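See below for the structure under consideration.
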Amino acid sequence: MRTTQELLKMKQQNEKITMMTAYDYPSAKQVEAAGIDTILVGDSLGMTVLGYESTVQVTLDDMIHHAKAARRGAPNTFIVADMPIGSVGISDQQDLNHALRLYQESGANAIKAEGAHLASFIQKCKQIGIPVVSHLGLTPQSVGIMGYSVQAKTKGAAEQLIQDCLTMEAAGAIMIVLEVIPSDLAEAISKKVSIPVIGIGAGNKTDGQVLVYHDVLHYGQEHRAKFVKVYGDFSVGVEALRTFNEEVKSGAFPTEAHTYKAKVMGELNHD
């Protein structure tokens, strides 16, 4: 399993870090088998697994449930679990209680929190031993305010994002996820901070990349953002299920090869 120190060393040695979302036992098992460095149990599970329109309906219980399943599937992979909306940014005590519960109950190696307003939260988590990944740029929990669009497109916004990243690093963040920002800005930030920067829709000059499992495998997801590359096609499963449906209705399944045999009825009739 990668450690925080090993991930930092990877950045220092210019070795790219891979991260993939996974929300359950089988997907996490596949990600680990593929040798990917880190798993993100993201609140994107709201759309990909639970069928919500956005991440805002995802609860802390949801995150713990799915992170525990992912941990069982990938016992030897560094796992980051998301703090969902409403679990952080409310009050210092409540925020820390939620962070501690997610960290302890999920078995994750770190938690992730969205937003530049959480420097104090990150600092307090560090003090009690909870590693935190900061998520900046497009933050899906705030889509009701910012919408789904490229962030930090102006000089002022870019300067603010750079400062926010430096602030998160100073507060004790172990890693930063930058989502949907200009690639030259992401490159500049990656050079300015000493902690790993993982990009999603942020170009190829960050320290690593993260994508969503269901996007990568075309699994139940029809809409794809510009930054998504499809590497496989799980949609073929529909054809397999259609064939099953047809074979059962026609009587073609199950065959003799799928049937257990015994002479129980003959014995019962004899009695």
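Please treat every number below as a calculation from the coordinates, not as lab data. What you are looking at is a predicted structure, and each value in this text was computed from that prediction instead of being measured. Cβ atoms come from the backbone with ideal geometry, glycine included; neighbour counts cover every protein chain shown.
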Taking the DSSP beta bridges in the chain as the whole, what percent of them are antiparallel, to the nearest 5?
0
Within the under-11-Å Cβ sphere about Asn204, not counting Asn204, Lys/Arg +1 and Asp/Glu -1 give a net charge of 0
Taking only Cα atoms and a 10 Å spring cutoff, compute GNM fluctuations for the chain and point out the largest among Val88, Val238, Val41.
Val238
If you take the beta carbon distance between Ser54 and Ala188 as r and set R0 to 41 Å, what does 1/(1 + (r/R0)^6) give as a FRET efficiency, to the nearest 0.05?
0.85
Full extension from Arg2 to Lys153: what is 0.36 nm times the residue separation minus their Cα-Cα distance, to one decimal in nm?
51.0 nm
By the gyration tensor of its Cα atoms, with a ≥ b ≥ c the square roots of the eigenvalues, what is the shape of the stretch 37-135: rounded for a/c under 1.5, prolate for a/b over b/c, or oblate?
oblate
Folded to 0 to 90 degrees: helix 155-171 orientation relative to the chain principal axis, Cα
80
Considering only the other residues whose Cβ falls under 14 Å of the Cβ of Lys192, what net charge follows from Lys and Arg at +1 and Asp and Glu at -1?
-3
Selected from Gly42, Gly107, Gly51 as most flexible by GNM, with the chain as the system and alpha-carbon contacts under 10 Å:
Gly51
How many nm separate the modelled label positions at Val248 and Glu15, each set 7 Å beyond the Cα in the direction of the Cβ?
4.8
Filtered hits (lysines, Cα-Cα < 19 Å from Lys126, offset >= 8 within chain) -> Lys112
When the scattering of the stretch 4-238 is computed by the Debye formula from its Cα atoms alone, each counted once and equally, what is log10 I(q)/I(0) at q = 0.09, 0.11, 0.13, 0.16 Å⁻¹?
-0.33, -0.50, -0.72, -1.16
With a/c under 1.5 counting as rounded, go ahead and sort the stretch 148-208 into rounded, prolate or oblate using the C-alpha gyration tensor (a ≥ b ≥ c being the square roots of the eigenvalues; past the cut-off, prolate if a/b is larger than b/c, else oblate).
oblate
What ³J(HN,Hα) values, in whole Hz, does the Karplus curve 6.51 cos²θ - 1.76 cosθ + 1.60 give for the stretch 74-91 when θ = phi - 60°, with x put for Gly and Pro?
9, x, 10, 10, 5, 10, 10, 10, 6, 7, x, 4, x, 9, 8, x, 9, 8
Length-normalised contact order of the chain in % [C-alpha pairs under 8 Å, at least 6 apart]:
15
